[in-house]
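Remarks on the structure that follows.
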Amino acid sequence: MKTLLTICRAVLFAWWAIAAAYGADAADKVTLATNWLAQPELGGFYQAVADGTYARHGLEVTIKPGGPLVNNRPLLAFGKIDFLIGTNLIQPFDAAKQEIPTKVVAAFFQKDPQCLLSHADGPWKTWDDLKQAPLLMGNAGRQTFFLWLHDAYDFPRANLRPYNHSLAPFLNDPRAAMQGFATAEPERIREAAGKEPRVFLLADHGWNSYSTVLETRNDLIAKNPDLVQRFVDASIVGWNTYLDAEDTDAADVLIKKDNPSMTDGLIKFSRRKMGELELLRAGEAKKLGIGAIDIERVKSFYAKMVAAGMYQEGEIDPSEAVTVEFVNKGVGVE
Amino acid sequence: MNERSLWIRIGAPALVGALLLAAWEAWVRYAELPKYILPTPSEVASTIVAQWAALGPAWMVTLKTMLVALAAAVVLGVALAALFASSRIVETSLFPYAVMLQVTPLVAVAPFIVIWIGWERVWLTQLVCAWIVAFFPILSNTTMGLRSVDPGLRDLFSLYDASRWQRLRLLLAPSALPYFLSGLKISANLALVGAVVAEFVTGTQVDNPGLASTIFTSQLNSDTPLMFAALSLISLTGIVTFFAMEGLSHLLLRRWHESAIGER
């Protein structure tokens, strides 16, 4: 009897020890830092946290939001975070130029939601009209897409006006134009002024950068490609759910918790626009799955940025700023 | 200041600086830190030389904003101080608003200052922002100085029926001068901080970007050596300004004021 009890104890202990050990390395802890405050434009990642998709892929994910004047980028190279959402392909090009060992592993927005806005009742009705408008633009825009606007469409530098994420200067002047995200600012402006502004998507005029790109460190790709693959796959699943599900409350609750200024109205508008404009499922992403990357397109965008004066011809090999190792596999495609 | 104290004044901080830079250089090399995380001082120096064509003009833009804002801070700070010192009621009624101006975060009000001043006048906007940051110490210290006149001397001037001008030139100005100068010392470098911050919050002047623009761009492009190059020019400006203000203060006070006499 006594031996039986001992055996039982031993078995129980072994079972407990195995369970504990399994539990301990069942989930890899990773941190994803984003480029902005929590918002529906990052909804797929929040969705994958909220509905347990990351957990099912063996990941315990913490999201570290960005925001105005927050620069999460150095944390990636430094190893304090594992994944970073970048705004477009320019900073990955810079990383290649500065020999920072990071890479883009997935491109979530096939079309950049970056747009120019003019008043619904204002004088600027077409893309070409905008060249005459005083153009509210922040520092980041001036150093990136404005250089392209200037090179490709002769937008004059003299028209630039300061922009600090406040709508006030735009609302104050019917002749003003401003930068914005097609998924957010039109609704913010409608809430403030009653009418949706005219929206001009840069992507419709040749700005072919991917947006909301996922970046990670080269050493993580080399040492633990399985982890990177699981993170990419789970994020794609999260995005499919966030775009298609009737009910995304679980993700939206997390978004609103991280960013209390986010309203249900803005979330609804943003989700609708991401669908309507096919931001995530444009072109080849329809066949290859969300996150798809086409190296030729990366090269074409680089060539445009060279023309805009941001880089020297041949200064970097743009295909080294990205890798297609983890995408184009049809994950989540019916 | 005699020769020995001059040597200490210049030599001691220079020695500390050289030691710190050497330690920095050695540590970065030893730890093999990549330059995008922390460049060595020698990398920063060579970046300054290599990028001088862009850094030099940007430096001048920031310097100009700083100096004009400082001049405005002196003129308006002293004028307001005179007004405050002229009557307790004026001072008590207005000082809270001066404090309000001092503590309001520039980042919050900058978009509105841009609208009020007019978005074509970017430089004027930056000037006003830098002035807001810089003027308070001059106002506060000079007011204090004007109030600190020896009551005995005040009575003496009344007794001899001194004119307003005599009172100002011979009594008020000398009493307030040391206070004003210590305010100026603080304000001068606040004007520098203000000029840089103003450029961050109002967007750069399109054709004449200053050092804040360099810092912003280098951050965006992950060009850490260039960022440190811009930061070291700002530091250099601050150090030179500090010593210039010390020198001015010494020059004006050495004959008579306790704070400077001891250093002979």
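The values are calculated or read from the model by the stated rules, or taken from the named source; none is laboratory data. These numbers come from a predicted model, not from an experiment. When we count neighbours, we look across all protein chains shown, and the Cβ atoms used for this are built from the backbone with ideal geometry, even at glycine.
When you check B:PRO209 against the structure, is it more than 30 Å from B:ALA85 (Cα to Cα), modelled with pLDDT of 90 or more and within 13 Å of chain A (Cβ to nearest Cβ), yes or no?
no
Taking the residues in segment A:33-86 that are exposed (fewer than 15 other Cβ atoms within 10 Å of the Cβ) and of a type in the set (A, V, I, L, M, F, W, C) as candidates, determine which candidate is nearest to the chain's Cα centre (by Cα).
Only one residue fits best here, namely A:VAL70.
One residue is enough: does segment A:118-129 have a residue meeting the conditions crowded, with 23+ Cβ neighbours inside 10 Å, over 18 Å from A:TYR302 (Cβ atoms) and not aromatic (Phe, Trp, Tyr)?
Yes, segment A:118-129 contains a residue that is crowded, with 23+ Cβ neighbours inside 10 Å, over 18 Å from A:TYR302 (Cβ atoms) and not aromatic (Phe, Trp, Tyr).
Going through B:PRO105, B:PRO151 one at a time, which residue ends up being at pLDDT below 90 and either closer than 18 Å to B:ALA176 by Cβ or not assigned by TED's automatic domain parsing to the domain that holds B:VAL201 (or both)?
B:PRO151
When residues of segment B:149-190 are filtered for being among the hydroxyl-bearing types (Ser, Thr, Tyr), surrounded by fewer than 23 Cβ atoms within 10 Å (Cβ to Cβ) and touching a helix residue (DSSP H, G or I) at 6+ places or on another chain (Cβ under 8 Å), how many remain?
3
Would you point out which residue out of B:VAL74, B:VAL107, B:VAL90, B:VAL16 is more than 25 Å from B:ALA230 (Cβ to Cβ) and either surrounded by fewer than 14 Cβ atoms within 10 Å (Cβ to Cβ) or within 14 Å of chain A (Cβ to nearest Cβ) (or both)?
B:VAL90
Among (1) modelled with pLDDT of 95 or more; (2) surrounded by 21 or more Cβ atoms within 10 Å (Cβ to Cβ), which single condition is A:ASP204 missing?
(2)
Cβ-Cβ below 7 Å, separation at least six or inter-chain, first residue in segment A:236-262 and at pLDDT below 95, second among the aromatic types (Phe, Trp, Tyr): which pairs?
Qualifying pairs under 7 Å: A:THR248/A:TYR242.
Checking A:VAL104 against (1) under 30 Å from A:GLY265 (Cα atoms); (2) away from chain B (no Cβ under 11 Å), which test does it fail?
The one condition A:VAL104 does not meet is (1).
Please determine whether any residue of segment A:185-202 is within 14 Å of chain B (Cβ to nearest Cβ) and assigned to a loop (DSSP other than H, G, I, E, B).
no
Taking segment A:77-103 as the region of interest, how many residues are farther than 11 Å from A:THR216 by Cα, in contact with a helix residue (DSSP H, G or I) (Cβ under 7 Å, 6 or more places away or on another chain) and small (Gly, Ala, Ser)?
Total satisfying the criteria: 1.
Against the conditions (1) touching a helix residue (DSSP H, G or I) at 6+ places or on another chain (Cβ under 9 Å); (2) farther than 22 Å from A:PHE108 by Cβ, where does A:VAL306 fall short? Just the number, please.
For A:VAL306, the exception is condition (1).
Quick check on segment A:41-62: of everything there that is touching a Lys or Arg at 6+ places or on another chain (Cβ under 9 Å) and among the β-branched types (Val, Ile, Thr), which residue is farthest from the other protein chains (Cβ to nearest Cβ)?
A:VAL61
Hey, does segment A:151-168 have a residue that's in contact with a Phe, Trp or Tyr (Cβ under 9 Å, 6 or more places away or on another chain), crowded, with 22+ Cβ neighbours inside 10 Å, in a strand (DSSP E or B) and more than 12 Å from chain B (Cβ to nearest Cβ)?
no
Are any residues in segment A:104-163 in contact (Cβ under 8 Å) with a residue 60 or more places away in the chain and aromatic (Phe, Trp, Tyr), and if so, which ones?
A:PHE108, A:PHE109, A:TRP124, A:TRP127, A:PHE145, A:TRP148
Six or more apart or on different chains, Cβ under 7 Å: which pairs go from a residue in segment A:63-76 that's facing another protein chain (nearest Cβ under 8 Å) and modelled with pLDDT of 90 or more to one that's assigned to a loop (DSSP other than H, G, I, E, B) and buried (at least 19 other Cβ atoms within 10 Å of the Cβ)? Could you list them?
That search, which allows pairs on different chains as well, returns A:ARG73/B:SER222.
What number of residues within segment B:191-222 satisfy the criterion of being surrounded by fewer than 23 Cβ atoms within 10 Å (Cβ to Cβ) and either in contact with a Pro (Cβ under 7 Å, 6 or more places away or on another chain) or without any contact (Cβ under 8 Å) to a residue 12 or more places away in the chain (or both)?
5
Considering only segment A:238-259, state which residues are touching a helix residue (DSSP H, G or I) at 6+ places or on another chain (Cβ under 7 Å) and surrounded by fewer than 22 Cβ atoms within 10 Å (Cβ to Cβ).
Passing the criteria: A:THR241, A:LEU243, A:ALA250, A:LEU254.
Exactly one of (1) buried (at least 19 other Cβ atoms within 10 Å of the Cβ); (2) at positive phi is unmet by B:GLU32. Its number?
(1)
One line per residue, one yes/no per condition, for (1) polar (S, T, N, Q); (2) closer than 30 Å to B:VAL109 by Cβ; (3) modelled with pLDDT under 90:
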| site | (1), (2), (3) |
| --- | --- |
| B:LEU184 | no, yes, no |
| B:SER187 | yes, yes, no |
| B:ALA195 | no, yes, no |
| B:GLY203 | no, yes, yes |
| B:THR217 | yes, yes, yes |
| B:SER259 | yes, no, yes |
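So A:GLU278 clears everything in (1) under 23 Å from A:ARG56 (Cβ atoms); (2) surrounded by fewer than 19 Cβ atoms within 10 Å (Cβ to Cβ); (3) under 20 Å from the mean Cα position of the chain (by Cα) except one condition, right? Which one?
In the conditions (1) under 23 Å from A:ARG56 (Cβ atoms); (2) surrounded by fewer than 19 Cβ atoms within 10 Å (Cβ to Cβ); (3) under 20 Å from the mean Cα position of the chain (by Cα), A:GLU278 misses (1) alone.
Show me the helices (runs of 4 or more DSSP H) found entirely inside segment A:222-334 where at least 3 residues are farther than 21 Å from A:ILE90 by Cα.
A:225-244, A:249-258, A:264-276, A:285-288
Considering only segment B:213-235, state which residues are at the interface with chain A (Cβ under 9 Å from one of its Cβ atoms), more than 14 Å from B:SER42 (Cα to Cα) and not charged (D, E, K, R).
Within segment B:213-235, B:SER213, B:PHE216, B:THR217, B:GLN219, B:LEU220, B:ASN221, B:SER222 qualify.
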